Amino acid sequence: MSLPAIVPATDAGDRYAGIAARRAERLTATTTERDAAGRFPDGLLAELAADGLAAMCVPVELGGGGIDSYSDLMAVVARLGRGDGSTAIAANMHLAFTMAMARAGLAADLLAQVAAGEAWVCAAVTEGGTNYFHPATTLTPRPDGWRLEGTKVFATASPAATHLTVNALVRGGELDGRLAMTLLPVATPGVTVADDWDGLGMRASGSGSVRLEADLPADTLVLPGGRYGEFDAGALVGRALGNVGNLAAMVGVAEGAAAEALAGVHRRERVGEPLADRPTVRHAVGEMVAELSTATAVAETLGRRADAVVASGPPDLAGAHLFMATFQAAKVAIHHTTIRAADLAMDLAGGGAYVAGNPVGQRYRDVRAGPYMEPFSRHEALGYLGAVLTGREPDTRA
């Protein structure tokens with residue numbers, strides 16, 4: 001019996017999931033070395049581009065794979081997560097952006113560069129001490145363009161990215177007081193990628209800080225959003241869609257932990273008895289697989305809901321809140337079950353899992369990062385979910 005896995009929605013998605021699974025096998029062989037180094041690995045993005053994974057969501061007419069299903073995206077990211085969680089979350093950030101731009105018919109030149117293996121996108125969104133709807137980063141219009149100022153954290157893969165997406169508060173001009181997303185090259189003067197990531201988990205993700213003191217030209221892509229401090233339907237849906245892949249990454253990481261633990265159960269003995277012959281061990285294996293099965297089922301359901309929301313057209317604010325509530329419920333359930341599965345994998349691996357360099361221990365640290373990923377921490381997610389389902393106004397400060 002194989003471990004449960006997220007099923008793609010299309011034949012093309014299945015093909016890319018197969019490519020991702022083969023890449024994960026290669027990642028597994030070196031994941032502990034990358035974790036120990038704590039650095040985003042040189043050449044990794046080029047390898048994903050050579051696989052065709054980096055451009056899988058780019059339209060076919062621009063040289064990409066034409067994938068436009070979030071169910072497919074989640075299946076691919078989960079497969080990568082089996083081999084390395086850091087790679088999986090870096091891939092999701094890039095893939096979610098390219099799919100969004102492809103759907104909106106924007107950034108065609110950049111998407112063509114992605115298809116040619118020349119571009120990789122990093123989302124510089126998170127800030128310390130605030131949230132997406134209250135950014136401290138500002139975008140100020142000027143006669144000859146824009147001035148962008150602020151500091152972002154958890155900018156995954158930023159040391160190797162070629163472009164950044166940045167959300168900010170517009171100060172002045174026609175968009176004064178509104179949020180906006182802008183796209184800019186990392187090489188822009190005044191952009192400083194600190195490369196200062198030193199995490200407990202996801203150590204090879206390059207999720208450091210980015211400082212922004214940049215003057216941007218007038219033709220910079222600036223997509224206006226809602227008012228500062230207010231929920232906006234587009235932002236709610238976009239934030240959920242942009243992060244469904246991160247949930248899939250956690251499913252994949254837990255699958256990787258379970259696979260490593262199961263391999264140990266088959267090869268190890270205890271006082272001359274195969275571990276697989278012990279009833280307590282078999283019970284733990286069954287519980288671990290049950291947790292994974294739950295996480296996989298929730299992720300698949302969320303992927304189908306995401307595809308349905310996109311297919312039905314932009315929802316109103318009430319509909320956007322319902323979709324975000326669906327995302328938050330899935331987020332809580334997936335993090336609970338994947339952490340539990342990885343914890344059981346630690347038990348099955350024994351004391352060796354607590355030693356540096358053990359692949360099960362590494363994956364436990366990686367999957368434990370999931371609840372901290374946006375949008376909403378666990379207690380904020382529950383508060384938001386409860387507000388929506390009781391008909392109360394959610395707090396944008398949560």
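The values are calculated or read from the model by the stated rules, or taken from the named source; none is laboratory data. Nothing here was measured: the structure is a model prediction, and the numbers come from that model. Cβ: placed from backbone, ideal geometry, glycine included. Neighbour counts: every protein chain shown.
Descriptive notes on the structure:
- Selection count, region 72-104, where residues are within 10 Å of the chain's Cα centre (by Cα) and either within 13 Å of GLY242 (Cα to Cα) or of a type in the set (Asp, Glu) (or both): 10
- A Cβ distance below 7 Å, combined with a sequence gap of six or more or placement on separate chains, defines the contacts here; from region 137-152, residues that are assigned to a strand (DSSP E or B) and at pLDDT below 95 reach no residue that is surrounded by fewer than 17 Cβ atoms within 10 Å (Cβ to Cβ) and not basic (Lys, Arg).
- Evaluation of ARG22 against (1) among the basic types (Lys, Arg); (2) buried (at least 20 other Cβ atoms within 10 Å of the Cβ); (3) at pLDDT 95 or above (one fails), failing number: (2)
- Pairs where the first residue, in region 37-63, is outside the structural domain of ALA356 (by TED's automatic domain parsing) and among the β-branched types (Val, Ile, Thr) and the second is assigned to a loop (DSSP other than H, G, I, E, B) and at pLDDT 95 or above, C-beta under 7 Å, 6+ apart: VAL58/GLY64; VAL58/GLY65; VAL60/GLY66
- Checking GLY145 against (1) at positive phi; (2) touching a Gly at 6+ places or on another chain (Cβ under 6 Å), the condition it does not meet: (2)
Every residue, every condition in (1) in contact with a Lys or Arg (Cβ under 7 Å, 6 or more places away or on another chain); (2) under 20 Å from PRO159 (Cα atoms), yes or no:
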{"position": "GLY66", "(1), (2)": "no, no"}
{"position": "SER71", "(1), (2)": "yes, no"}
{"position": "GLY117", "(1), (2)": "no, yes"}
{"position": "GLY129", "(1), (2)": "no, no"}
{"position": "PRO135", "(1), (2)": "no, no"}
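- Applying the set (1) β-branched (Val, Ile, Thr); (2) part of a helix (DSSP H, G or I); (3) at pLDDT 95 or above to THR32 leaves exactly one unmet item: (3).
- Strands (runs of 3 or more DSSP E) contained in region 187-275 and holding at least 2 residues out of contact with any strand residue (DSSP E or B) (no Cβ under 9 Å at 6 or more places or on another chain) and in the same structural domain as ALA37 (by TED's automatic domain parsing): none
- Filtered residue count, region 154-168, keeping only those that are part of a loop (DSSP other than H, G, I, E, B) and without any contact (Cβ under 8 Å) to a residue 40 or more places away in the chain: 0
- In region 190-240, of all residues being of a type in the set (Asp, Glu) and touching a Ser or Thr at 6+ places or on another chain (Cβ under 7 Å), the one that is nearest to THR31 (Cα to Cα) corresponds to ASP196.
- Cβ pairs under 6 Å, 6+ apart, first in region 255-284 and within 27 Å of ARG368 (Cα to Cα), second acidic (Asp, Glu): ALA284/ASP347
- Matching residues, region 338-365, being more than 20 Å from VAL281 (Cβ to Cβ), in a helix (DSSP H, G or I) and not basic (Lys, Arg): THR338, ILE339, GLN362
- Residue pairs meeting the criteria (Cβ under 8 Å; at least 6 apart or on separate chains; first not assigned by TED's automatic domain parsing to the domain that holds SER69 and among the β-branched types (Val, Ile, Thr), in region 291-306; second assigned to a helix (DSSP H, G or I) and surrounded by 21 or more Cβ atoms within 10 Å (Cβ to Cβ)): THR294/THR337; THR296/VAL251; VAL298/ALA330; VAL298/ILE334; VAL298/THR337; THR301/ALA330
- Residue in region 96-106 that is of a type in the set (Phe, Trp, Tyr), assigned to a loop (DSSP other than H, G, I, E, B) and surrounded by 23 or more Cβ atoms within 10 Å (Cβ to Cβ) present: no
- When residues in region 41-64 are screened for being exposed (fewer than 15 other Cβ atoms within 10 Å of the Cβ) and on the phi > 0 side of the Ramachandran plot, 1 of them pass.
- Qualifying residue in region 74-81 (condition: outside any loop (DSSP other than H, G, I, E, B) and touching a Leu at 6+ places or on another chain (Cβ under 6 Å)): no
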